[in-house]
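Chemist: Below you'll find the structure I mean.
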Amino acid sequence: MTRGETAPRKRPNVRLSVVRALFRGLGSIAPAATAELAVALFRRPPRHRASDTEGAALGKADRTNLSVNGLPLAVWRWGKGPAVLLVHGWGSRGSRLASFVEPITDAGFSVVAFDAPGHGASAGRLSSLPQFIAAIQAVARESGGVEAIVAHSMGGAATTLAMGRGLRVGRVVFLAPAADPTGYSERFAAMVGLSPAVLGRMRRSIERRFGQKWEEFDVLAAARTMTAPLLVIHDRDDFDVAWTDGAAIASAWPGAELVSTTGLGHRRIVHDPEVVSRAVRFVIGSRAATRASGGA
């Protein structure tokens, strides 16, 4: 920009302004109702159409539906051999990690992906971190266990918590993982204009709905108990989930390796050839270790 030019004016987000006005006005006269409305909005993931590349990848997979808590979950599987589970993030879908399918199956593994509840082709319109965790556990059981997991964004938090609750995994790769579910709820409250009192009501409503306390979703506490090898790849220019989240998980998780990239942001990181290659080499290491120890 040269001297004398003016920066383009940023368009106001009219929809968000209306939501903030609604929550502020309603919260002062009906805090309980406002909290329930906030719960519904907090649990409603955005939906995006899959790309042609993703559609082509799904066309080569075997699809099944798995019932999780009474709702059908869309599951895809490619190839044969020990299973590597792909876990997408909030507002995404299993095919988002399609770049990993071919190199992993070429290495002699099968690849399993799913759409979390309320996402993609799975049933429901609402979702939550507890539902992500339940889906991971159910898909892993149905797959006969998983050799490794590659997870993106909130999928990293859900995977950590699922492992903390007993899920056995040989190796783990996190791409831009989220480390602070409680902080996310606070950022949501600030974005839509919830008062601290209404935020507290919203959290208690979610606790009652799932029978779990917010304290049970401490990702870093769970990470400190892990023994499986972990590779974290996070971009310093990630403006959706800060690089510090990935760094915090890598620091808490014993023996974890952190690889930092630049210029990829939060979404391009899942398709970047160098990132995919680095992650796949790490996953393949589980097969090499098994063979070295005399396993099948």
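The values are calculated or read from the model by the stated rules, or taken from the named source; none is laboratory data. Just so you know, these numbers come straight off a predicted model, no measurement behind them. No Cβ is skipped: glycine too gets one built from the backbone with ideal geometry, and neighbour counts run over all protein chains shown. Remember, those area values only see protein heavy atoms, side chains included, never the ligands or the DNA or RNA. Shrake-Rupley method; radii C 1.70, N 1.55, O 1.52, S 1.80 Å.
Chemist: What residue, among those in region 22-46 that are in a loop (DSSP other than H, G, I, E, B) and within 30 Å of Ala113 (Cβ to Cβ), is least open to solvent (accessible area, probe 1.4 Å)?
Modeler: Pro45
Chemist: Among the residues in region 208-225, are any assigned to a strand (DSSP E or B) and either modelled with pLDDT of 95 or more or crowded, with 20+ Cβ neighbours inside 10 Å (or both)?
Modeler: no
Chemist: Something else about it: Residue check, Val198 against (1) open to solvent by less than 10 Å² (accessible area, probe 1.4 Å); (2) under 30 Å from Leu58 (Cα atoms), all met but one. Which one?
Modeler: (2)
Chemist: Something else: Working only within region 170-194, note down all residues that are in a loop (DSSP other than H, G, I, E, B) and open to solvent by 50 Å² or more (accessible area, probe 1.4 Å).
Modeler: Passing the criteria: only Asp180.
Chemist: Checking Ser143 against (1) over 14 Å from Ala83 (Cβ atoms); (2) among the polar types (S, T, N, Q); (3) surrounded by fewer than 23 Cβ atoms within 10 Å (Cβ to Cβ): exactly one of these is not met. Which one?
Modeler: Of everything listed in (1) over 14 Å from Ala83 (Cβ atoms); (2) among the polar types (S, T, N, Q); (3) surrounded by fewer than 23 Cβ atoms within 10 Å (Cβ to Cβ), Ser143 misses just condition (1).
Chemist: Does Met202 count as more than 16 Å from the chain's Cα centre (by Cα) and assigned to a loop (DSSP other than H, G, I, E, B)?
Modeler: No; evaluated as a whole, the condition is false for this residue.
Chemist: Can you tell which of Val280, Val232 is closer than 23 Å to Thr105 by Cβ, modelled with pLDDT of 95 or more, in contact with a helix residue (DSSP H, G or I) (Cβ under 6 Å, 6 or more places away or on another chain) and not polar (S, T, N, Q)? I'd like the intermediate steps shown before the answer.
Modeler: Details: Val232 fails: closer than 23 Å to Thr105 by Cβ.
Residue meeting the stated conditions: Val280.
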